[in-house]
Amino acid sequence: MLNQKYYGYGTAPSVIRELFAYGLEQAKIVGKDKVYDYSLGNPSIPAPAKVNDTIKKLVDEESSILLHGYSMAPGFESTREAIAANLRKRFNTNAKASELFMTCGCAPALISVACALTSEPDDNFVVIAPYFPEYNVFFKAGGGKVRRVAPDIPDFQINLEALEETVNHDTVAVVINSPNNPSGVIYTKETLEKIAAVLKKKSVKYGHPIYIVADEPYRELVYGDAKVTFIPEVYDDTIVCYSWSKSLSLPGERIGYVYVPEKCANGQALYATIAGAAREIGSVCPPTLIQRVVEECVDCEPDLLAYDENRNDLYNGLTEMGYECAKPDGAFYLFMKAPNGDDMAFSEAAKLEENILIVPGTGFGCPGYIRLAYCVSNKTIKDSMPGFKRLIEKYGK
């Protein structure tokens, strides 16, 4: 017999991937420049020059066994110390190498945490809509459950009253993703402090810690004067999951970490349990070469000028036509209200009538909205504007 849970995961459709695949096929028919693909959050700006220079230097100067052999299970201590030093420099934290566990990207980091925190069948993780659809898979990995907080429309902060009602005796963690995928919204420090107050009260009431799992792959993608609060500064029981997929445009290299501050409740035991979970899912000894690259490039910052230009051109262009959008302060997503109220139908109409590929918000726990990934060429944005205008004129009445 095959495992039916995994069979279900393997055969379940992905709207994002289906749109992307459709775009590739349609480009063969009408030309790539006539397909306006906002489906996939794949970074379009190049990695900083230092990244490629470091790869070349390491390949030229190091022996192959040092570059392509195994590291220790949690990653090189020198790499973890470089990351800890970066965190100490930037945030109010006393991060240590011993608190960091390197993973093959952020997804395995989240899955390892989910497995580590799940010990009973009724254990649950609270996610806040809109949220990354894969949370439905990641946080059930250890046998737990997912409970959802409805979206705070139209600002997409967090409905604190709904959060307090959703967190119960069996809640082991609340998942926070800021800057947020799919809205691009950054949760304010005030919002996070209020969440911390709720969870402190609930932890006392139920007699066990309720952690925050901070999913932070977009931490460095911030525009203007916006600020991203480092959540361990406002809540001790925070576990940080991170990757360089977005900040250094390295999604294909699959490199990230889990940070478990010692001040976390049961910190050392929690770290060991996450390490054990990572061992079970095979996310240990991350790729050696890219660990070494991260070690030397951890202080590099992304050049966000192209994303910022896209953000402003897309937001201004759509809102001037009458679309309702949450103004994104981070990441590279814009969340737009479907003008006809039906995100599935509007996404399909945009695809078939205008070759505009946009993702329905239903999969993000927020029906009635549409996600646009603006990590595309600026030409794509400008060329797609007439199509968006025709769509709102037809469906926005």
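The numbers here are math on the coordinates, done by the rules we state, and not lab data. Remember, it's a predicted structure, so these values are computed and weren't measured experimentally. Quick reminder, even Gly has a Cβ in these numbers, built from the backbone with ideal geometry, and neighbours come from all protein chains shown.
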Please work out the ratio of the alpha-carbon Rg of the stretch 49-297 to 2.2 N^0.38 Å and round it to two decimals.
-> 1.00
Which number do you get for Rg(Cα) / (2.2 N^0.38 Å) in the stretch 308-397?
-> 0.97
Do the alpha carbons of any pairs in 34/227; 145/202; 145/201; 96/201 sit beyond 26 Å of each other, and which pairs?
-> 34/227; 96/201
What is the helix-to-structure angle for 378-395, meaning the angle in degrees between its Cα long axis and the longest Cα principal axis of the chain, kept from 0 to 90 and rounded to the nearest 10?
-> 60 degrees
Percent of all alpha-carbon pairs of the stretch 113-200 at distances over 16 Å, whole number, is 51 percent
Could you state the angle between the C-alpha long axis of helix 305-321 and the longest principal axis of the C-alpha atoms of the chain, as a value from 0 to 90 degrees rounded to the nearest 10?
-> 40 degrees
What is the Å³ per residue value for the convex hull set by the Cα atoms of the stretch 148-245?
-> 101 Å³
MRE, 222 nm, helices only [DSSP H, n ≥ 4, -39500 (n - 2.57), over the chain, to nearest 500] | -13000 deg cm²/dmol
What order do you get for 63-73, 220-230 when each peptide is scored by the mean count of other beta carbon atoms within 10 Å, highest first?
-> 220-230, 63-73
Pop a pseudo-label 7 angstrom from the Cα along the beta-carbon direction at both residue 280 and residue 120 and give the gap in nm to one decimal.
-> 1.8 nm
DSSP beta bridges in the stretch 49-297 [antiparallel fraction, %, rounded to 5] | 30 percent
Determine, for each peptide in 362-375, 333-346, the mean count of other beta carbons within 10 angstrom over its residues, then list the peptides with the highest first.
-> 362-375, 333-346
To the nearest 10 degrees, the tilt of helix 77-90 (Cα long axis) against the first principal axis of the alpha carbons of the chain is 60 degrees
Which value, in Å³ per residue, describes the convex hull spanned by the Cα atoms of the stretch 206-350?
-> 197 Å³
